[in-house]
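Undergrad: Got a structure here, written out as structure tokens. Questions coming.
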Amino acid sequence: MGHSLKRTIAERAEALGFDAVRFASADAPDGMGPALDAFLGQGREGDMGWLKDTAERRKSPRALWRDVRSIILLGMNYGGPDDPLKALENTSHGAVSIYAKRPDYHEVIKGKLKQLAGQIHALAGGDVKVFVDTAPVMEKPLAAKAGLGWQGKHTNLVSRDFGSWLFLGCIFTTADIEADAPEIDHCGACRRCLDACPTKAFTAPYEIDARRCVSYLTIEHKGHIAREFRAAMGNRIYGCDDCLAVCPWNKFAQASHETKLAIRPETDDPPLAEILALDDAAFRERFRRTPIKRGGRDRLVRNALIAAGNSADASLVPHVEALIDDASPLVRAMAAWALQRLDPAKSDMLRAERLAAETDTAVRAEWQETEGALVP
């Protein structure tokens, strides 16, 4: 009955568009709690206060739901048709992480999980709950425990069948379902992911300081981005795929066939000039129902200004200059920085005037910092 149930669930999952399914017990994976404590104890979560707020519930599935007995881990392939690193060569466009070029995966996957959970309830009885990323669930360690893949040295899940590109979701159930064997670590001596990080966010294999990660800086970080990271960000305006893209296991990766996750043209590495021209209403319209909308217009334009400053594209100067009086201090500060990078003479000419008019301390510091030299 156990094998028959698992086979039926896997068939139903495949019919709904999932590419991988494995099963785990509700016991916490070995080392998961201590690893989280060490990460939080060093403040590496940065602005992601919700990680600390929900830490105790994250340490064990049963801390989140006392009655859970089995967990179904599901993966949906989101591989793209091209190498994501190619986008870094087109510096007048903003590079967007492959996952964010698609409709919001939370909505797509959660709907499918609910359908599957209903079928599992009918097949096996018991109660069910579904989770996708936003809940306090440590999906990657659980997925490794279930045999869906293993956590690579970049801390992300790697699959022998799909490389780096799996969205994860899970179904908790009170039913008893036989667990699968965990996947072993196949990274060996390889350190391509560690060496590829543009901001040196990996403090050691399997350890990351989120505060240095481009994905964190461009998506989660609410404040001004420190100077030490700006040049290294290049034209990455939302997320970063570098450590994922260089993994040798991507030789088995394939393009996603899920039509509900098709890449959208408005998010597919857009021209920086278009992003710099967005007001809040235009931003919301362009990025509705995509992951990008969550961060808001000001942060995206902040990121695009850093990309503009790194682009050496003089045609962007008018777009940058137009943002010097923007309502957002985040935007004004990066406009000052980008203008100095693209047109130092114009920046010098405007400096005294802008310092006299500026009331925000951080923005004033940007104008003062650029004085006399082009600062990286």
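Undergrad: Compute the FRET efficiency between E14 and R227 as 1/(1 + (r/R0)^6), taking r as their Cβ-Cβ distance and R0 = 41 Å, and round to the nearest 0.05.
TA: Working: r = 49 Å, r/R0 = 1.19.
For R0 = 41 Å, the calculated efficiency reads 0.25.
Undergrad: Starting from the alpha-carbon convex hull of the range 2-173, give the projected area averaged over all orientations, in nm². Don't skip to the answer; put the middle values down first.
TA: Numbers: hull surface 45.1 nm².
Taking the Cα atoms of the range 2-173, their convex hull projects to 11.3 nm² on average.
Undergrad: Treating only the Cα positions of the chain as identical point scatterers, give the base-10 log of I(q)/I(0) from the Debye formula at each q in 0.08, 0.15 Å⁻¹.
TA: Summing over Cα pairs of the chain leads to -0.45, -1.31.
Undergrad: At R0 = 35 Å, how high is the FRET efficiency between Q42 and Q254 if r is their beta carbon distance? Nearest 0.05 is fine. Intermediate results must be reported in sequence, preceding the final value.
TA: On the way: r = 37 Å, r/R0 = 1.06.
It comes out at approximately 0.40.
Undergrad: Can I ask one more? Once label points are set 7 Å from the Cα along Cα→Cβ at both E353 and A314, what is their separation, rounded to one decimal in nm?
TA: 2.0 nm
Undergrad: What's the extension gain from R284 to R160 if we count 0.36 nm per residue and subtract their Cα-Cα distance? Working shown, then result.
TA: On the way: separation 124, 0.36 × 124 = 44.64 nm, distance 3.76 nm.
Stretched out fully, the R284 to R160 stretch lengthens by 40.9 nm.
Undergrad: Roughly how many Å is it from the Cα centre of the range 115-129 to that of the range 1-59, as a whole number?
TA: 19 Å
Undergrad: Further question: Which value in deg cm²/dmol, rounded to the nearest 500, describes the helix-derived mean residue ellipticity at 222 nm for the chain, given -39,500 (n - 2.57) per DSSP H run of n ≥ 4 and division by the residue count?
TA: Values: 17 runs with 151 residues, N = 376.
About -11500 deg cm²/dmol.
Undergrad: Take the alpha carbon gyration tensor of the range 110-182, find the square roots of its eigenvalues, order them as a ≥ b ≥ c, and report rounded if a/c is under 1.5; if not, report prolate when a/b exceeds b/c, else oblate. Walk me through the intermediate numbers first.
TA: Values: a/c = 2.19, a/b = 1.74, b/c = 1.26.
Note, shape of the range 110-182 comes out prolate.
Undergrad: Shape call for the range 192-369 from the C-alpha gyration tensor, a ≥ b ≥ c root eigenvalues: rounded (a/c under 1.5), prolate (a/b greater than b/c) or oblate?
TA: Working: a/c = 2.16, a/b = 1.52, b/c = 1.42.
Prolate, because a/c is 1.5 or more and a/b exceeds b/c.
Undergrad: For the range 276-352, what is Rg from Cα atoms divided by 2.2 N^0.38 Å, rounded to two decimals? Intermediate results must be reported in sequence, preceding the final value.
TA: Values: Rg = 12.7 Å, N = 77, 2.2 N^0.38 = 11.5 Å.
Rounded to two decimals, the normalised Rg is 1.11.
Undergrad: Tell me which trypsin sites (Lys or Arg not before Pro) from the range 181-248 have a DSSP coil assignment and no more than 15 other beta carbons within 10 Å of their own. Provide the component values of the computation, followed by the final result.
TA: Working: sites: R191, R192, K200, R211, R212, K222, R227, R230, R236; in loops: R191, K200, K222.
Answer in residue order: R191, K200, K222.
Undergrad: What's the extension gain from A204 to A63 if we count 0.36 nm per residue and subtract their Cα-Cα distance? Numbers along the way, then the final one.
TA: On the way: separation 141, 0.36 × 141 = 50.76 nm, distance 2.92 nm.
Length gained between A204 and A63: 47.8 nm.
Undergrad: Which part of the range 147-169 falls in the paramagnetic zone of I184, meaning amide N under 14 Å from the point 7 Å along Cα-to-beta-carbon?
TA: 150
Undergrad: Go through the chain and flag any cysteine with no other cysteine's C-beta closer than 4.7 Å, please.
TA: C170, C187, C190, C197, C213, C240, C247 - these cysteines have no disulfide-compatible partner (Cβ-Cβ under 4.7 Å) in the chain.
Undergrad: Tally Lys/Arg at +1 and Asp/Glu at -1 over every other residue whose Cβ is under 11 Å from the Cβ of R62; what's the total?
TA: Values: positive: R57, K59, R66, R69; negative: D27, D67.
After counting each charged neighbour, the total is +2.
Read-outs: derived from the displayed coordinates by stated rules, not from any lab. None of the values given here were measured: they were computed from a predicted structure. Glycine also receives a Cβ, built like all others from the backbone with ideal geometry; neighbour counts cover every protein chain displayed.
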